[in-house]
Each structure stands twice: as C-alpha cells, then as structure tokens.
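Below is one structure; the comments refer to it alone.
Please treat every number below as a calculation from the coordinates, not as lab data. A quick note: this is a predicted structure, and the numbers were derived from the prediction, not measured. Positions of Cβ are generated from backbone atoms using ideal geometry, with glycine treated the same way; all protein chains shown enter the neighbour counts.
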Amino acid sequence: MAKLNTLILVILISSLLLPPPQTESKQSDEKRKVTRLRFYLHDFIGGDSPTVWAVARCNLTDVLPSKFGKFLVLDNLVTSGLDLDSPEVGRLQGTVGQADLHESALVMVLNLVFTMGEYEGSTLSILGRNPLAREVREVSIVGGTAAFRMATGYILTSTYFKDPAGVCNVYEYDAVVYHADRNVLLLPRR
Ligand SMILES: *[C@@H]1O[C@H](CO)[C@@H](O)[C@H](O)[C@H]1NC(C)=O
C-alpha cells in the first residue's frame, strides 16, 4: 500500500513538472451572427411530377399505424411565400424516415441549398425528429456552409396546407440560425 502511494505521488509530481501540452487553439474573437428566415416547403407527394419518393420499407410498415420503416428521398422546392409561384429560395434535399414504432414521427436528414438571392450557394444542414401529429415541431440546424458557416440553430415547422387531393402539402419553416459573421467568397461556378 505504501509502495502504491509513493508511486501515485511520483506520477503526480512528474505530471506537475511536465510542460503543458502544445495546442493549436487560440482565443477566438470572431463574432456570431443571428439570421431569422421564414420559408415555405412544397412537398409534392403525388401528381405528375412528385418530388418525394419512397425508397424503402419493412414488413412492419403496412402493419403499424406509425408506418415504421418507410424511408423517402426528397428534393422539394422552397419559396419565400406561400404560393408556388412566389420567389424561389432554394431546395430542401435529403432523406426522411418513419422511425418511431408508436406514433408517426420522422427522422429528418436534410440540406437546404439556397439557389437564389443573397444566400445563393450557401447551405444549412438539418437533423431532427419531426412528430407529424403535433401542431408545431422543432428540428435542429446542425451546420452550414458559405454564408452559414458553423451554423447552429433551430427550426419551428408547421403544416400550412394539407392537400386533400394528395398532390402537394405546404409546410411553413421558421428558422433561427446562429453562424459565423464574416464575408464569404464563394468560388465562381465553372
Ligand atoms: C418479411 O415478409 C416476407 C414475406 O412474408 C418474409 O418472407 C420475410 O422473411 C419477412 N422479413 C422479416 C425480416 O421478417
């Protein structure tokens, strides 16, 4: 026991004598910026040119009311206004899946790519759980590029219009984005 105590003491003292580990990190005085965005997502689930496609399901999907195991890939139009012909903001692209055995709740893995306006070429990465039966759902913003580098934040989303004909549902997205505040130079398109 005494030997062990001596050993611990030796290790403690030698660790105090060692120089501190070298690190590359510096105090960052970079400012953070907050950007609020509201946009509308057009979810074409039917009609002539759907933008949401089911790509996988499992044996439970048709058995459970939650549609567990159904996965979809989407590339949806995003506009600044409610109407389909209001100005385009970008596209919401990625996968969503029914990932709850008991209620209809999506796991969302999405990129919002801005195709027009001041954020053109920038992206936001969205990851979260979307329990569709709730009136307002919250999902996380976990990253971004260009104008939205180092983004974090959240999105409150609600169903604006549920199409009885099953062609196009419209969702409202209210986003609060915290990101790096600096000028961004994007490389020109080739
Ligand atoms: C799914 O159902 C099919 C057809 O009934 C069956 O052959 C298959 O083994 C099932 N798969 C699983 C993972 O239960």
- Message: Given an 8 Å cut-off on Cα distances and at least 6 residues of separation, report the relative contact order of the stretch 26-179 as a percent.
- Response: 23 percent
- Query: What nm value, rounded to one decimal, do you get for the distance between Cys58 and Arg149 when each label is placed 7 Å out toward the C-beta?
  - Reply: 4.1 nm
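Between Asp163 and Met116, what FRET efficiency follows from the Cβ-Cβ distance if R0 is 25 Å, with the result rounded to 0.05? Working shown, then result.
On the way: r = 25 Å, r/R0 = 0.99.
After rounding to 0.05, the efficiency reads 0.50.
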- Dipole axis of the stretch 26-179 (+1 Lys, Arg; -1 Asp, Glu on Cβ), positive-most option in Gly47, Phe161, Gly69: Gly69
- Met108, Met116 arranged by Cβ crowding within 10 Å, fewest neighbours leading: Met116, Met108
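Quick one: putting +1 on the C-beta of Lys and Arg, -1 on the C-beta of Asp and Glu, what dipole do you get for the stretch 26-179 around its Cα centre, in Debye to the nearest 20? All intermediate terms of the calculation are to be shown ahead of the outcome.
Working: 15 positive and 18 negative charges, 126 e Å.
Computed about the Cα centre, the dipole is about 600 debye.
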- Note on the structure: the stretch 26-179 -> Rg/Rh from Cα coords, Kirkwood Rh, value 1.00
